[in-house]
Every structure is written in C-alpha cells, then in structure tokens.
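Below: one structure, written as structure tokens.
The values are calculated or read from the model by the stated rules, or taken from the named source; none is laboratory data. Fair warning: this is a prediction, and the values are worked out from it, not measured in the lab. Ideal geometry is used to build each Cβ from the backbone, glycine not excepted, and the neighbour counts take in all protein chains shown.
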Amino acid sequence: MRPIWKTASVLGLLGMGYVLGASGTFATKPLGAQAAPAEGGPSEDSRKKLQDAFTAIKSAAETLEQENLYVPATTTLNVFSVMAGGLNAKQDLEDGRGVDPETFAALYAGEAIPDVKEHLDHDDQGRLTYKGKVVRIYPKQRMKKIFQERARYMGGGAKRP
C-alpha cells in the first residue's frame, strides 16, 4: 500500500506544480531595459521646460559660435558641446583625435554638415571613417576634463541629486 501513496503523492505534487506553473502564479515579472514611456510623452509642464531649456542652449550656442568656441560638425544642435563651453568638432575630426559622444552619434545617424559628410565613409569592418581615419569618441582623460569644465559652468549642479 505504501508504494501507491508515494506514487499518488509524487503525481499530485507534479500535477499541482504543472497547474501553478501554467497559471503563472509564481511567475516573475519580466524586466525591461527602460520603463515604458508615459502615454503621450512628457507633461505639458515638462514640455514647456524642455522648450525653454532648448531656447537657452541654442542662444548659448550662437554666442559661443560667434566667439569661435563652438564649431559643430553636424547639423543638429550639440548640447554636450555647448554645455562644456564649446568644442571644435570639425578640428577634432581633422586631427583624428576623437569627437564628443553627441557628435559621434550624430555622425553615425547621418547628421553631418555637407563639408564633413563628403569625407565620411566606412572601413572594411563597418566603422565610420573621416578622411580614412576611424572616428572615435574622445579618450577617457579628455572626457573627464570636459565633464569638469561642464560642472564649472553649471555651478556644481552637473550631477543628479
């Protein structure tokens, strides 16, 4: 009689496990890399603040450009460069010493200005090149200096609270 109870118990546990597993009772919630965006995007208040920030950054870029401190290599406004007090992305490309992350991304996205675009290509490994040199992001030390400079202009408020 004992083997029947063991068999029945094992089959009962397996059946219960199957039912619980199939119903998802103990299923874990899948994780995503990012939270789903809110319905319709940012609130009206957030959109207004973004527009105000963009207007201020655009104005700063124009002033830096007049002072020859902001020389973009892309058609889009380079917020990273402006917030760092200006960078000369065109000269950085010419020198082959790397570019800032926003310029790097914009070049890959096809947002280069015409006189830069004509010299862009890809090597046999699919890497973006400018006049035959692989386009890279600034070295770590240069990035650290830029972040320090940026923090200086932001009054120390560069890091999140």
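Name the residue, out of Ala158, Ala151, that is surrounded by 15 or more Cβ atoms within 10 Å (Cβ to Cβ), modelled with pLDDT under 95 and under 19 Å from Ala53 (Cα atoms). Walk me through how you get there before you give the answer.
On the way: Ala158 fails: surrounded by 15 or more Cβ atoms within 10 Å (Cβ to Cβ).
After applying the criteria, what remains is Ala151.
Scanning for something within 27 Å of Arg152 (Cβ to Cβ), touching a helix residue (DSSP H, G or I) at 6+ places or on another chain (Cβ under 6 Å) and charged (D, E, K, R), does the range 63-70 turn up at least one residue? No, because not a single residue in the range 63-70 is within 27 Å of Arg152 (Cβ to Cβ), touching a helix residue (DSSP H, G or I) at 6+ places or on another chain (Cβ under 6 Å) and charged (D, E, K, R).
Of the helices (runs of 4 or more DSSP H) lying entirely inside the range 62-109, those carrying at least 1 residues that are over 17 Å from Glu149 (Cβ atoms) and hydrophobic (A, V, I, L, M, F, W, C) are 89-95, 101-108.
So, in the range 110-122, of the ones that are assigned to a strand (DSSP E or B) and either touching a helix residue (DSSP H, G or I) at 6+ places or on another chain (Cβ under 8 Å) or among the small types (Gly, Ala, Ser) (or both), which residue ends up farthest from Thr75 (Cα to Cα)? Ranking the qualifying residues of the range 110-122, first place goes to Leu120.
Any idea how many residues of the range 39-91 are touching a strand residue (DSSP E or B) at 6+ places or on another chain (Cβ under 7 Å) and in contact (Cβ under 8 Å) with a residue 40 or more places away in the chain? Total meeting the criteria: 2.
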